[in-house]
Amino acid sequence: MLNTKVSFVTKLYIWSLIFESLLYFVLGSQQNTGINTSFGRILQTITILLLSGYFISRIEFKLPNPLTGHFKMFTYLFLFSILSAIFGILTEGYTFRYVGNYNAGFATSAIAKFLRSAFVRPILEYVIYFFYITYFVVMPFYMIKTEKALFYFFKMFRRMFMIGLVIGLLDLLTSLAGFQFLARDMMDVVYVGFRFHGFAGEPRDAFVYLFYSYCVFNIESIYKTDQLLSKKYSLGIIGLMLLTQSASGLLGVLIGGILILGMVFSKVSIKQLIYGFLMAILVISFVVVGVLSSERIMSYIEVISLVYEALEEELPPPLVFVGQMNNIYPIWDMYVKAKNFNIFPLLVGSGFGSASVANNNWGYFLWSELMNPHSQIVRILYETGIIGLGLYIVTIFKQAKIHTIGLSDSKRKFFMYTMLLLIGMSLAHRSTTIFIYTGILIMTMTMYRKKIALLANQNLKEN
């Protein structure tokens, strides 16, 4: 039975967080509504409407200062992205070479054409980013304020994870017999073969979701038992991640591994060097096993040399690479500009939404619609440059570093390393889980420190 002492709005907010990463529950496409409409988005909209009415009725309510406290780094990151947009406007980063409107033959409604238009979409990208930070990172701190609400979140999160796990494994087993019942999403009729995905959407989404869930379960374990999960859970998650056969997931592990090595080598000692070396072997082994066991990934490797020729001649790429070109064209655009001694876009980017312009300028013969990169690292690098990418990584990683103070050294390192791995995975494939996890980490560890302090005070009084 649901805990009646957790308010309805808090429960609604918690369910909106849970369903955000369950991308199977898509109810409408961008083609019809301009943005992806999912069950999670509907719950978020209802939550915001209810909270708006509550705030309006409470005149004395004060918004938190965005330049102080836990979330000021996210404010700096947002302000820097605005500077990138100004630079992009001045340097024609939002100018189309061939396509005047990337809605041609795609959007089926007036609202979709408006939201996906060349003028509105970049502005909407800033609104979306502001929403992600506010709703997923900041609001858990204010919405999940009690231990009962926190336990409700963990209970419902685990329940949905287990349901998705069971159904995903059943779909995986039936695929061996040539039958599948679980498509990528509710509105889709595309099946993915022998690749695990559950309720997470596409296999590449499932890869990130699985590790994100593992991180959430470890936070729960720390709060309830002061211990991390046993190794059998780690092995189980790794096995499921490999079953997704996700190329972007393996790239994310590689990026996360590089970030971890950077952290280890920043304070070099013999012990840390040995640990870093072992970590490098582990990451490389995981990536190699994943690559060699996937025919899909090997098909990319076999024709990769033809991609460079296609870019040089501005010709259509090999068919197997068409679905990846939205991640390649922005990198190629930066390369061409840097080769012509224009390095400023590489340093500061061209603003949110400009990556889709680059894709349409270089891939005009492939599509005439909004085409953002799937890879978040490509998107951030193109739109905010190397400086923005570094600021993004530092901003998120710093939350794990700060909010795990008080844990033992080994546990604190675990959360910092897993945060870097999750950052790497979310950079390889765009996912809101990194923001949700950051918000949950800040909120849970704040409550954890309060609980420890309260227990310490009680023990002091008893003694």
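Sort out for me the Cα centre separation of segment 347-389 from segment 124-168, rounded to whole Å.
Using only Cα atoms, the two centres lie 28 Å from each other.
Cα centroid distance between segment 6-38 and segment 221-246, in Å?
Their Cα centres are 25 Å away from one another.
What distance in nm separates the two pseudo spin-label positions at F78 and L319, each 7 Å out from Cα along the beta-carbon direction?
With each label placed 7 Å out from Cα toward Cβ, I get 4.6 nm.
For a quick check of your reading of the filter: which chymotrypsin sites (Phe, Trp or Tyr not before Pro) in segment 139-199 sit in a DSSP loop and have no more than 10 other Cβ atoms within 10 Å?
F179, F181
Going by average Cβ neighbours within 10 Å, how do the peptides 112-124, 450-462 rank, with the highest at the top?
Those peptides, ordered most packed to least, come out 112-124, 450-462.
To the nearest 0.05, what FRET efficiency results for I86 and S234 with a Förster distance of 60 Å applied to their C-beta separation?
Plugging the Cβ-Cβ distance into 1/(1 + (r/R0)^6) gives 0.85.
I want to check the label-to-label distance for N457 and I46. Put each point 7 Å from Cα in the C-beta direction and report it in nm to one decimal.
Between N457 and I46, the simple spin-label model gives 3.8 nm.
Once the Cβ-Cβ distance between I402 and F179 is put in as r, and R0 is 41 Å, what FRET efficiency do you end up with, to the nearest 0.05?
Computed FRET efficiency for I402 and F179: 0.25.
Between S29 and F194, what is the FRET efficiency for a Förster distance of 30 Å, r being their Cβ-Cβ separation, to the nearest 0.05?
In this case the efficiency is close to 0.70.
Under a point spin-label approximation (7 Å from Cα along Cα-to-Cβ), what is the I128-K224 distance to one decimal in nm?
3.5
Please sort by residue number the chymotrypsin sites (Phe, Trp or Tyr not before Pro) in segment 363-456 whose DSSP state is loop and whose Cβ has at most 14 other Cβ atoms within 10 Å.
Counting only loop positions with at most 14 other Cβ atoms within 10 Å, the chymotrypsin sites (Phe, Trp or Tyr not before Pro) in segment 363-456 are F365.
So which lysines can K401 reach, going by Cα to Cα under 22 Å and dropping same-chain residues fewer than 8 places off?
Within the straight-line limit of under 22 Å, K401 reaches these lysines: K72, K145, K224, K267, K271, K411, K413, K450, K451.
Within the set of other residues whose C-beta is less than 13 Å from the C-beta of H429, count the net charge using Lys and Arg as +1 and Asp and Glu as -1.
For residues surrounding H429, the net value is +1.
Long-range amide H contacts for L27: which residues qualify at under 5 Å (H placed 1.01 Å from N, peptide plane, sequence gap of 5 or more or a different chain)?
T37, S38, F39
Just so you know, all these numbers are worked out from the coordinates, no wet-lab data involved. In this text the structure is predicted, and so the values were computed from the model without any measurement. A quick note on method: Cβ atoms are made from the backbone with ideal geometry, for glycine too, and the neighbour counts reach across all protein chains shown.
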